1. Just the residues that are in a loop (DSSP other than H, G, I, E, B) and touching a strand residue (DSSP E or B) at 6+ places or on another chain (Cβ under 8 Å), please, taken from the range 25-48.
2. If we keep just the residues of the range 18-36 that are surrounded by 24 or more Cβ atoms within 10 Å (Cβ to Cβ) and touching a helix residue (DSSP H, G or I) at 6+ places or on another chain (Cβ under 6 Å), which is farthest from residue 71 (Cα to Cα)?
3. Could you check the range 49-71 and list, in sequence order, the residues that are touching a residue at least 12 places away in the same chain (Cβ under 8 Å), surrounded by fewer than 19 Cβ atoms within 10 Å (Cβ to Cβ) and assigned to a helix (DSSP H, G or I)?
4. With respect to the numbered conditions (1) in contact with a helix residue (DSSP H, G or I) (Cβ under 7 Å, 6 or more places away or on another chain); (2) without any contact (Cβ under 8 Å) to a residue 60 or more places away in the chain; (3) under 19 Å from residue 244 (Cα atoms), which one is the sole condition not fulfilled by residue 159?
5. Would you confirm whether any residue within the range 201-210 is free of Cβ contacts under 8 Å to residues at least 60 places away in the same chain and over 30 Å from residue 242 (Cβ atoms)?
6. Could you list, in sequence order, all residues of the range 197-227 that are outside any helix (DSSP H, G or I) and touching a strand residue (DSSP E or B) at 6+ places or on another chain (Cβ under 8 Å)?
7. Can you run down the residue pairs with Cβ atoms below 8 Å, 6 or more apart or on separate chains, where the first is in the range 227-247 and without any contact (Cβ under 8 Å) to a residue 40 or more places away in the chain and on the phi < 0 side of the Ramachandran plot and the partner is outside any loop (DSSP other than H, G, I, E, B) and surrounded by 15 or more Cβ atoms within 10 Å (Cβ to Cβ)?
8. Any idea how many residues of the range 128-155 are more than 20 Å from residue 114 (Cα to Cα), part of a loop (DSSP other than H, G, I, E, B) and touching a strand residue (DSSP E or B) at 6+ places or on another chain (Cβ under 6 Å)?
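Values in this text are rule-based calculations from the coordinates and carry no lab data. The structure presented is a predicted model; accordingly, all values stated were derived computationally and were not measured. A quick note on method: Cβ atoms are made from the backbone with ideal geometry, for glycine too, and the neighbour counts reach across all protein chains shown.
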């Protein structure tokens, strides 16, 4: 299962996982985009390798619909859940738009916690530990580790997600479920525009530290994490453009 799969990192992860042999349930709020992605993946494979569930993945009902879609379409529980859906916000505690705080916290923190909870309950409902790889991979951010004023409200939500991932890792690791936190640096995608970063600031940063990461760079790391033997756990991976000096 991959959330936030209508574009950017989420779409790239879904495509890379299918290329590596996985079957996926993709989710995003934009129904047309996520349905088109699933159809494209199925057409390329010549068989059913993808199903889609549109909706807000911070809604428990949508999360459970994704789990049920996996069981109904592929006859199995998901053994890999990528907690990717999220949004950014330009500005600090002093300068960011307070009207957007609650929605961002609901999506980035509460929504991630709900998905992690449902995924972990599903993965630990029967089966022997380490009989097969089972992964919850959480997409955080470098600014969740090194919180910077240019996006400190957003960074605080990713800081919180890191805490959730580590707490869940300690809880379900003994049951054979691996929880991994992936912390990308600057990645070129729709993210910057949605977050409200000034285009001239983004261009200046990208020109200085580029080439920046592409979504496919993060996707390769996610696939690599999931391909490890069941007893091997990469609990945290930070990925930066080579020339990124800050944060």
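1. 29, 30
2. 28
3. Within the range 49-71, 60, 64, 65, 69 qualify.
4. The number of the failed condition is (3).
5. The answer is no; no qualifying residue exists.
6. Initial filter on the range 197-227 (outside any helix (DSSP H, G or I)): 197-198, 210-214, 227.
Of everything in the range 197-227, those that are outside any helix (DSSP H, G or I) and touching a strand residue (DSSP E or B) at 6+ places or on another chain (Cβ under 8 Å) turn out to be 212, 213, 214.
7. The qualifying pairs are 243/209; 245/209.
8. To start, the set of residues in the range 128-155 that are more than 20 Å from residue 114 (Cα to Cα) comprises 128-133, 142-143, 145-153.
Among the residues that remain, those that are also part of a loop (DSSP other than H, G, I, E, B) are: 128-133, 146-148.
Of the ones still in play, those that are also touching a strand residue (DSSP E or B) at 6+ places or on another chain (Cβ under 6 Å) are none.
Residues in the range 128-155 being more than 20 Å from residue 114 (Cα to Cα), part of a loop (DSSP other than H, G, I, E, B) and touching a strand residue (DSSP E or B) at 6+ places or on another chain (Cβ under 6 Å): 0 in total.
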